[in-house]
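Novice: Please read through the structure below; I'll follow up with questions.
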Amino acid sequence: MQELRVELGERSYKIIIGKGILPDIGRALRGLNPSKVALISNPKVYGLYGDRVSDSLASEGIEHHKVIIPDGERYKSLLWADFIYGELLRARLDRASIIVALGGGVVGDISGFVASTYMRGIRFIQVPTTLLAQVDSSVGGKTGVNHLLGKNMIGTFYQPSLVWIDIETLKSLPKRELIAGLAEVIKYGVIWDRGFFEFLEAERVGILSVEDDPISHIIGRSCEIKSEVVSRDERESGLRAILNFGHTIGHAIETATGYGRYLHGEAVAIGMVYESRLSDMPKDEITKIEEVISSYGLPTKIPPEIEPKALLSSMEVDKKALSGVLRFVIPKAIGSVIVEGVDRDRILSVISDR
Ligand SMILES: NC(=O)c1ccc[n+]([C@@H]2O[C@H](COP(=O)([O-])OP(=O)(O)OC[C@H]3O[C@@H](n4cnc5c(N)ncnc54)[C@H](O)[C@@H]3O)[C@@H](O)[C@H]2O)c1
């Protein structure tokens, strides 16, 4: 079992990573002394893991209420947040209660948002069950729901009290979801740690077969890197922006393809390939990034039917366009990045190269 800590003064918390640790969550919660617990999940994840969590809470004598929302990004909405508030009120959760979010990033984001606003904020615990949620969304305290006019447009910064990661849950995750999560893992190597990038290059087979040791290592190292960045810049006023490597082009691709064709990590993978090309690193370093992304079975090319100019305007309306100049996270070398404004012609030339 690994124990990490996100250092944020009085809002610091632990990340526990282990194999088969869901049945121990009751004991961890007992230590936090909740008056009651709401266990939020979706039908698929609850069907797979809900009983393990529920039995563990029951064995510690913790009163808990199950709240199930439908499975899917479109249910990460104010409407479903309101549904959850209703369930919490009916079950009479109070300010000493705790929300447990059991699921992927969708369940984690909406549960965190509800926790941050219910009775002006109650404690919550992330129990992420997708790789993306384990290495990214459960750590760092960004919560939110979507609006008809934009993804993640309504939200808060609100840190969990604990992140509880059972790597065994990845065994049931569809391969495509696992691989999409790996895009964010590769991102950490490129932005922060060349040695980690090389580990990903060398251990591909073990990682893709979800072997315990390499999987624990990549989750632990990803959480460490994210924690370190978030500890230095919780509210994205500076350093935290480097976590957006690949995301400026990635988001524009998701928008252009209507959020249906690519999973988020897949669009970020393509984004990382093109954003790397904005770098003045030696060509073989840029190629190495593309090769590792591609070796995991992630897409690397912007689909030819997406017009470069349309893609560029979509980036410009994105919130990252600051006073007209598009800023990108660009590798200086594998393992280190800078954030820099790039002029339109340069962007157009890079994204036109298919
Ligand atoms: N808060 C943040 O910092 C942050 C960062 C990145 C992404 N996000 C958000 O995360 C969301 C995406 O998260 P996601 O990729 O986890 O998607 P998801 O939550 O939709 O999960 C993907 C699918 O996998 C299923 N699933 C979950 N765990 C499973 C398991 N162990 N076995 C089998 N199936 C399982 C889910 O039911 C779902 O169908 C997006 O809404 C995105 O905006 C948030």
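Only the coordinates and a few stated rules stand behind these numbers; no lab work does. From a predicted model like this one, the values you see are computed outputs, not experimental measurements. A quick note on method: Cβ atoms are made from the backbone with ideal geometry, for glycine too, and the neighbour counts reach across all protein chains shown.
Novice: Based on this model, can you work out whether SER56 counts as of a type in the set (S, T, N, Q) and within 27 Å of ILE218 (Cβ to Cβ)?
Specialist: Yes, satisfied.
Novice: Count, please, the residues in region 43-54 that happen to be surrounded by 14 or more Cβ atoms within 10 Å (Cβ to Cβ) and of a type outside the set (A, V, I, L, M).
Specialist: 6
Novice: Across region 43-76, what is the total count of residues that are among the polar types (S, T, N, Q) and touching a His at 6+ places or on another chain (Cβ under 8 Å)?
Specialist: Qualifying residue count for the region: 1.
Novice: Just need a number here: residues in region 166-201 that are within 16 Å of the ligand (Cβ to nearest atom), touching a residue at least 60 places away in the same chain (Cβ under 8 Å) and among the aliphatic types (A, V, I, L, M).
Specialist: 7
Novice: Out of the residues in region 280-301 that are touching a helix residue (DSSP H, G or I) at 6+ places or on another chain (Cβ under 6 Å) and in a loop (DSSP other than H, G, I, E, B), state the one that is nearest to VAL325 (Cα to Cα).
Specialist: THR300
Novice: Oh, and also: Residues that are among the polar types (S, T, N, Q) and out of contact with any Leu (no Cβ under 6 Å at 6 or more places or on another chain): find the helices (runs of 4 or more DSSP H) completely inside region 1-119 holding 2 or more of those.
Specialist: 51-59, 105-117
Novice: A follow-up question, please. Looking at region 113-162 only, could you name the residues that are within 10 Å of the ligand (Cβ to nearest atom), of a type in the set (S, T, N, Q) and on the phi < 0 side of the Ramachandran plot?
Specialist: Those that are within 10 Å of the ligand (Cβ to nearest atom), of a type in the set (S, T, N, Q) and on the phi < 0 side of the Ramachandran plot: GLN126, THR129, THR130, GLN134, SER137, SER138, THR143, ASN146.
Novice: So, ILE69, is that one within 16 Å of the ligand (Cβ to nearest atom) and either within 19 Å of SER172 (Cβ to Cβ) or without any contact (Cβ under 8 Å) to a residue 60 or more places away in the chain (or both) or not?
Specialist: It is true that ILE69 is within 16 Å of the ligand (Cβ to nearest atom) and either within 19 Å of SER172 (Cβ to Cβ) or without any contact (Cβ under 8 Å) to a residue 60 or more places away in the chain (or both).
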